[in-house]
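Structure first, commentary second.
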Amino acid sequence: MSTVAPPPDPEADPRIKAVFDDIRATRKSDFINNMWLWLAFDPDLLERTWAEVKAVMATPSALEPVVKEMLYIAVSVTNGCGYCIHSHTASAKAKGMTEAEHADLLRVISLAAKTNQLATALQVPVDAAFDATTAPRVPSDAQSSL
């Protein structure tokens with residue numbers, strides 16, 4: 001159940017229409033998903049959120065688009081956002097994520113959640129070798145706590 005209602009005719013507002021047109025152009029699709037329709041209840045929030053999403057997710061960077069989507073899935077699982085899990089899994093698959101990669105991603109997410117909880121529960125101190133402010137470089141044999 002939603003906490004707000006999307007506007008009945010969002011594209012009647014020129015600001016919303018401009019964002020939706022940019023979403024369509026950026027994604028090369030006529031589909032406007034519910035996230036954007038619901039964010040349209042506040043044109044300022046819609047504009048700011050789309051600008052940030054576009055800058056991070058749709059702009060070429062050091063990470064491949066499928067990797068960005070997989071990271072988004074991991075954070076969405078951690079945050080318990082069902083909507084984002086579904087939408088970014090679909091996007092990752094559209095960008096080439098295989099079933100084997102998806103399964104591997106879920107194994108990593110599961111393992112990270114478990115070891116994060118253990119490290120938090122045990123309050124394990126950070127190794128000096130992992131502290132970027134004191135360690136000149138991490139020794140190759142100390143790159144992970146595992």
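The values are calculated or read from the model by the stated rules, or taken from the named source; none is laboratory data. Quick caveat: nothing in here was measured; it's all calculated off a predicted structure. Cβ coordinates were reconstructed from backbone atoms using ideal geometry, including for glycine residues, and neighbour counts include every protein chain displayed. Each accessible area value is taken on the protein alone, full model and side chains, heavy atoms only, with ligands, DNA and RNA left out. Shrake-Rupley method; radii C 1.70, N 1.55, O 1.52, S 1.80 Å.
Cross-link partners for residue 95 among the lysines, with Cα-Cα distance under 17 Å and sequence neighbours closer than 8 places in the same chain left out: 28, 54, 68.
Restricting the trypsin sites (Lys or Arg not before Pro) of the stretch 35-125 to loop positions (DSSP other than H, G, I, E, B) with no more than 16 neighbouring Cβ atoms within 10 Å leaves 95. Against the criterion of solvent-accessible heavy-atom surface with a 1.4 angstrom probe, 70, 97 sort, most first, into 70, 97.
Every helix of 4 or more DSSP H residues in the chain counts as -39500 (n - 2.57), and over all residues that averages to -19500 deg cm²/dmol at 222 nm. Remark: relative contact order (the chain) = 14 percent; criterion is Cα-Cα distance under 8 angstrom and separation of 6 or more residues. Surface calculation, 1.4 Å probe, protein heavy atoms: residue 32 sits at approximately 20 Å² accessible.
With a sphere of radius 12 Å drawn around the Cβ of residue 66, what net charge do the other residues whose Cβ falls strictly inside it have (Lys, Arg +1; Asp, Glu -1)?
0
Note on surface exposure: 38, 50 rank 38, 50 by accessible area, highest first, 1.4 Å probe. Taking all protein chains into account, the per residue accessible area for the stretch 13-146 stands at 68 Å² (1.4 Å probe).
Summing charges over all other residues whose Cβ lies under 12 Å from the Cβ of residue 91, with Lys and Arg as +1 and Asp and Glu as -1, gives +3. Among the aspartates and glutamates, which have Cα under 18 Å from the Cα of residue 93 when same-chain residues fewer than 8 positions away are ignored? The reachable aspartates and glutamates, counting only those whose Cα sits under 18 Å from residue 93, are 64, 69, 101, 104.
Rolling a 1.4 Å probe over the protein heavy atoms of the chain, with every protein chain left in place, gives an accessible area that is 61 percent carbon and sulfur. GNM remark for the chain: springs join alpha carbons under 10 Å apart, and the peak mean-square fluctuation among 119, 90, 74 falls on 119.
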